[in-house]
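Colleague: So that we are looking at the same thing, I have put the structure below in C-alpha cells.
The values are calculated or read from the model by the stated rules, or taken from the named source; none is laboratory data. Being a predicted model, the structure only gives us computed values, none of them experimental. With ideal geometry, Cβ positions are generated from the backbone for all residues, glycine too; neighbour counts draw on all protein chains shown. In case anyone asks, the SASA skips ligands and DNA or RNA and just uses the protein heavy atoms, side chains included. Shrake-Rupley method; radii C 1.70, N 1.55, O 1.52, S 1.80 Å.
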Amino acid sequence: MPTRRELLISSLLASSHLLPSTQLLASDAQTTTTRLTSLDKDIIQHVNRLLSGKKIKLTLLYPQGSLANIEPVVARFVKETTVDIKLKEVGVNDINSNILFKTALDDSYFDIALPATFGLPDLVDAGVLKNLNNYAKKYEPTDYKRYQLYDDGDYVDNNFYGYQTDGDTYLMFYNKNFIEDKNNQKAFIKEYGYALAIPTTWEQLDDMICFFHAPNKQQYGGCLFRVPGYGAWEWWSRFHAKGYFPLDDKLTPQINNKAGIAALQEMLNVSKHLHPKVGSDGLFDNWETFSKGQTFCNIGWGGTQKHLNSSESLVKGQLLFGPTPGGTVAGSEISCPIFNWGWNYVVSAQCPHPEVAYLFTLFACSPVMSSLALEKDGFFDPFREEHYANAAIQKAYTKEFLEAHKTSMKESIPDFYLHNQGAYLASLQENIYLAYKGSLTAKQALDITATKWKLLTREVGYAKQKKTWLKLKAKYPPALQQILQ
C-alpha cells in the first residue's frame, strides 16, 4: 500500500506543460463579444483599481482535459485587465499530489489552481492554500451562491478556500436500444418478474447487467470502472444505499459491517458481467469503450456525456439517464447520488497578488463566465441554476441529460471531506481493487480498510476529526440523515 509520501513523490512522474500567453486567445469572437453583467464589470474594476495600471503575471495550474473550459474565461479577464495569465497543465489524476509536492520545492509553482475538490482538506492541512474568508466577505455578492447547487467542498472547517466550478455528480448512462427493445422487455419480465426500465436500486441494475451480458455476441452488461482510483465510489454508493454512514458518531468505521461486506460482494459478483476492458480502462478509454454501443450501461459525469454526445460517438442520441441507483431501507426506497470529484478554483498561500487572484476566481465562477466555460468541450459541468436553461449548454449535453443531472446535483451526498482524506480514500480504493483481483475477500478488504481508518483518525487527532465528520454528516440531504444509521 503506497504511503502518503510515496503518493506525493509519484507526482514527479506527471508532466507539466506551459501554454503561451493567453492574450493570444482574445481574438475568439464569442469570448470578446460575450456581454458582461454588472458583477463581472465590478470585479474587473476592482482588479484595475488594485493594480493602478501595473502589469502582473499569474500562473494558473489546471488539469488535463479542462483547457477548453478555461481559455475563454482567461482570455476575457486578460483583455479587460492588466493581468497576464500563464496556463500550466498537469495530468488529471496528478494535480492534487503535484500541488502538494512541487509547492514544497517552489513557492511560485502556481498562483491559482484547479485541484480536485475531494483533496482540499489535504491541501489546507499542508498549508499550500490561501484562506479566502476575508476576500469573500469583501467582494462576494450576498446572493452569489444562492443559485449554486453544491458548495460543500468549498469549505474546510468552515473556512472558505475556493469556488466550485464543476458539477461532478455521479450519473448512470443506459443504452436506450437495449431497454426499449420489445423482445428484451418480454424476456426480462419473464426471467426477473418485473418490468425492464431505468433501475432505481442497485439490485435491479445488477439484474439488468447480468441479463444483457452476452460476450459471445460482443454485447456486454456494463462499463463500470474497476481500475484503482475510480471503483471505490461505486461501492460508496452501494454502501450508503444499504442505509449506513461510513462512520458512526464516535468515528468507528461502519464500512466493514454486514451491509458493507454485502455491498462489496455484490459489486464483485456483477463484475463478471462487465466489459472485459473495465479492469484496464482509465477515464478517457472508458468513455471510448462505451461510445461504441455494445454495452448496456455506464457510470460517469457530465464530461462523460459531452463525449458520448459528440459526433464520434455511436451512442449519440441513443441514451437514457438516471441517478446512481439507491436501495430499500425499512421498506422505503432511498436515492443516494454522490458528488465525487469536481474542481475548485483556489489561490496559493504564496501568491504575491492573492486579492487579484481571488477576484479572478470570482470572475471565472460568475453566472455568465461559468456558462461560457461550460459551452466548450472539457471537464467542467453545470453547477449553477442558470446553466440548465442555457441553449448552448443544452446543445452540449442534451436537455434529457441536464434534467437528470440537476436532480442528482440537488440530492447528492457529499464526498468524504475529512482531514487526510487522500489516505482514507487510497486505502479504500486499493483494498477494493485487491478484492476485485481476487487477492482479498470482501470481508478482508473492508476489515483491513477499517483498521487503517482507525489509525488515520488517531494520526489526525480524534477531537479534530470528529468535529469535521459531524459537520460533514450534517451536509447530507435531510431525507437521508433521517434514514442512515
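Colleague: Select from region 315-348 the residues that are among the aliphatic types (A, V, I, L, M) and assigned to a strand (DSSP E or B) and write down the one among them that is most open to solvent (accessible area, probe 1.4 Å). Steps first, answer last, please.
Modeller: Filtering region 315-348 down to residues among the aliphatic types (A, V, I, L, M) leaves 315, 319-320, 329-330, 334, 338, 346-347.
Checking which are assigned to a strand (DSSP E or B) leaves us with 319-320, 329, 334, 338, 346-347.
Details: Leu319: 20, Leu320: 42, Val329: 22, Ile334: 12, Ile338: 1, Val346: 0, Val347: 0 Å².
For region 315-348, the residue satisfying everything is Leu320.
Colleague: Something else: Only residues in region 430-459 that are surrounded by 13 or more Cβ atoms within 10 Å (Cβ to Cβ) count as the first member; pair them with residues that are of a type in the set (Lys, Arg), Cβ under 8 angstrom, at least 6 apart or cross-chain, and list the lot.
Modeller: Here the result reads Tyr433/Arg226; Tyr436/Arg226, each pair linking region 430-459 to a residue that is of a type in the set (Lys, Arg).
Colleague: Among the listed residues Phe383, Phe360, Phe401, which satisfies the condition of being more than 30 Å from His240 (Cβ to Cβ), aromatic (Phe, Trp, Tyr) and open to solvent by less than 10 Å² (accessible area, probe 1.4 Å)?
Modeller: Values: Phe383 fails: more than 30 Å from His240 (Cβ to Cβ); Phe401 fails: more than 30 Å from His240 (Cβ to Cβ).
Every option except Phe360 fails the conditions.
Colleague: If you don't mind, there's one more thing I want to ask. Looking only at residues in region 57-80 that are within 20 Å of Gly162 (Cβ to Cβ) and of a type in the set (Val, Ile, Thr), which one is nearest to the chain's Cα centre (by Cα)?
Modeller: Filtering region 57-80 for residues that are within 20 Å of Gly162 (Cβ to Cβ) and of a type in the set (Val, Ile, Thr), the one nearest to the chain's Cα centre (by Cα) comes out as Ile70.
Colleague: For Gln204, indicate whether it is buried (at least 22 other Cβ atoms within 10 Å of the Cβ) and closer than 27 Å to Gly282 by Cα.
Modeller: Criteria not met by Gln204.
Colleague: Where residues in region 460-485 are charged (D, E, K, R) and over 26 Å from Gly327 (Cβ atoms), which of them is surrounded by the most Cβ atoms within 10 Å (Cβ to Cβ)?
Modeller: Narrowing region 460-485 to residues charged (D, E, K, R): 464, 466-467, 471, 473, 475.
From the residues that got through so far, the ones that are over 26 Å from Gly327 (Cβ atoms) too are 464, 466-467.
Values: Lys464: 14, Lys466: 16, Lys467: 14.
Looking at the filtered set, the residue picked out is Lys466.
Colleague: Select the helices (runs of 4 or more DSSP H) contained entirely in region 197-314, then report the ones holding at least 2 residues which are under 29 Å from Lys452 (Cβ atoms). Break it down into steps so the answer makes sense when it comes.
Modeller: Values: elements: 202-212, 231-240, 258-270, 283-290, 302-308.
By residue number, 202-212, 231-240, 258-270, 283-290.
Colleague: Is it fair to say Val74 is touching a Pro at 6+ places or on another chain (Cβ under 8 Å) and open to solvent by less than 10 Å² (accessible area, probe 1.4 Å)?
Modeller: Numbers: touching a Pro at 6+ places or on another chain (Cβ under 8 Å): no; open to solvent by less than 10 Å² (accessible area, probe 1.4 Å): yes.
Spelling it out, it is not the case that Val74 is touching a Pro at 6+ places or on another chain (Cβ under 8 Å) and open to solvent by less than 10 Å² (accessible area, probe 1.4 Å).
Colleague: Anything in region 405-429 that is under 23 Å from Asp166 (Cα atoms), among the small types (Gly, Ala, Ser) and either part of a loop (DSSP other than H, G, I, E, B) or open to solvent by less than 10 Å² (accessible area, probe 1.4 Å) (or both)? List them, or say none.
Modeller: Ser408, Ser412
Colleague: Name every residue in region 128-166 that is of a type outside the set (Phe, Trp, Tyr), in contact (Cβ under 8 Å) with a residue 12 or more places away in the chain and under 16 Å from Pro414 (Cβ atoms), in order of residue number. Don't jump to the end; show me each part of the working.
Modeller: To start, the set of residues in region 128-166 that are of a type outside the set (Phe, Trp, Tyr) comprises 128-134, 136-138, 140-143, 145-146, 148-149, 151-154, 156-159, 162, 164-166.
Filter once more, so that each one left must be in contact (Cβ under 8 Å) with a residue 12 or more places away in the chain: 128-133, 136, 140-141, 148-149, 151-154, 156-159, 162, 164-166.
Those that are of a type outside the set (Phe, Trp, Tyr), in contact (Cβ under 8 Å) with a residue 12 or more places away in the chain and under 16 Å from Pro414 (Cβ atoms): Gln148, Leu149, Asp151, Asp152, Gly153, Asp154, Val156, Asp157, Asn158, Gly162, Gln164, Asp166.
Colleague: A further question follows. Say we look at region 72-86 and pick out the residues that are in a helix (DSSP H, G or I), of a type outside the set (A, V, I, L, M, F, W, C) and in contact with a Ser or Thr (Cβ under 7 Å, 6 or more places away or on another chain); which of these is nearest to Leu114 (Cα to Cα)? Full working, then the answer.
Modeller: Of the residues in region 72-86, the ones in a helix (DSSP H, G or I) are 72-80.
Next, only the ones that are of a type outside the set (A, V, I, L, M, F, W, C) stay: 72, 76, 79-80.
Next cut, in contact with a Ser or Thr (Cβ under 7 Å, 6 or more places away or on another chain) only: 72, 76, 79.
Working: Pro72: 16, Arg76: 18, Lys79: 22 Å.
Only one residue tops the list, namely Pro72.
Colleague: Of all residues in region 378-392, which are part of a helix (DSSP H, G or I), in contact (Cβ under 8 Å) with a residue 12 or more places away in the chain and more than 27 Å from Thr200 (Cβ to Cβ)? Let's see the steps before the verdict.
Modeller: Filtering region 378-392 for residues part of a helix (DSSP H, G or I) gives 385-389, 391-392.
Among the residues that remain, those that are also in contact (Cβ under 8 Å) with a residue 12 or more places away in the chain are: 385-388, 392.
Across region 378-392, the qualifying residues are Glu386, Ala392.
Colleague: From the list Pro246, Pro253, Pro228, which one is over 18 Å from Leu320 (Cβ atoms) and open to solvent by 50 Å² or more (accessible area, probe 1.4 Å)? Before the answer, list the steps.
Modeller: Working: Pro246 fails: open to solvent by 50 Å² or more (accessible area, probe 1.4 Å); Pro253 fails: open to solvent by 50 Å² or more (accessible area, probe 1.4 Å).
Checking each option against the conditions leaves just Pro228.
Colleague: Can you tell me how many residues in region 133-161 are surrounded by fewer than 13 Cβ atoms within 10 Å (Cβ to Cβ), over 22 Å from the mean Cα position of the chain (by Cα) and hydroxyl-bearing (Ser, Thr, Tyr)?
Modeller: The number of residues fulfilling the criteria is 1.
Colleague: Can you give me the number of residues within region 329-351 that are touching a residue at least 40 places away in the same chain (Cβ under 8 Å) and farther than 25 Å from Leu472 by Cβ?
Modeller: Taking region 329-351 first, the residues touching a residue at least 40 places away in the same chain (Cβ under 8 Å) are 329-330, 332-351.
Subsequent filtering for residues that are farther than 25 Å from Leu472 by Cβ retains 348, 350-351.
Residues flagged as touching a residue at least 40 places away in the same chain (Cβ under 8 Å) and farther than 25 Å from Leu472 by Cβ within region 329-351 amount to 3.
Colleague: Can you confirm whether Phe110 is more than 23 Å from Tyr417 (Cα to Cα), touching a Lys or Arg at 6+ places or on another chain (Cβ under 9 Å), among the hydrophobic types (A, V, I, L, M, F, W, C) and open to solvent by less than 30 Å² (accessible area, probe 1.4 Å)? Before you say what the answer is, go through the steps one by one.
Modeller: Numbers: more than 23 Å from Tyr417 (Cα to Cα): yes; touching a Lys or Arg at 6+ places or on another chain (Cβ under 9 Å): yes; among the hydrophobic types (A, V, I, L, M, F, W, C): yes; open to solvent by less than 30 Å² (accessible area, probe 1.4 Å): yes.
The answer is yes for Phe110.
Colleague: Might you let me know whether region 38-47 holds any residue that is open to solvent by 30 Å² or more (accessible area, probe 1.4 Å), in contact (Cβ under 8 Å) with a residue 40 or more places away in the chain and out of contact with any His (no Cβ under 7 Å at 6 or more places or on another chain)? Give the derivation first.
Modeller: Taking region 38-47 and keeping what is open to solvent by 30 Å² or more (accessible area, probe 1.4 Å), we get 38-39, 41-42, 45-46.
This time we only want the ones that are in contact (Cβ under 8 Å) with a residue 40 or more places away in the chain, so: 39, 46.
Then keep just the ones that are out of contact with any His (no Cβ under 7 Å at 6 or more places or on another chain); that gives 39, 46.
For region 38-47, residues open to solvent by 30 Å² or more (accessible area, probe 1.4 Å), in contact (Cβ under 8 Å) with a residue 40 or more places away in the chain and out of contact with any His (no Cβ under 7 Å at 6 or more places or on another chain): present.
Colleague: Let me ask something additional. Considering only region 113-132, state which residues are open to solvent by less than 20 Å² (accessible area, probe 1.4 Å) and in a helix (DSSP H, G or I).
Modeller: Thr117, Gly119, Leu120, Pro121, Asp122, Leu123 - these are the residues of region 113-132 that are open to solvent by less than 20 Å² (accessible area, probe 1.4 Å) and in a helix (DSSP H, G or I).
Colleague: What pairs come up if the first residue lies in region 51-75 and is more than 18 Å from Trp301 (Cα to Cα) and touching a residue at least 40 places away in the same chain (Cβ under 8 Å), the second is open to solvent by 10 Å² or more (accessible area, probe 1.4 Å) and of a type in the set (S, T, N, Q), and their beta carbons are under 6 Å apart, counting only those six or more places apart or on different chains?
Modeller: Leu51/Thr82
Colleague: Please determine, by comparing only the residues of region 105-132 that are farther than 25 Å from Gly65 by Cα and among the aliphatic types (A, V, I, L, M), which one is farthest from the chain's Cα centre (by Cα).
Modeller: Leu105
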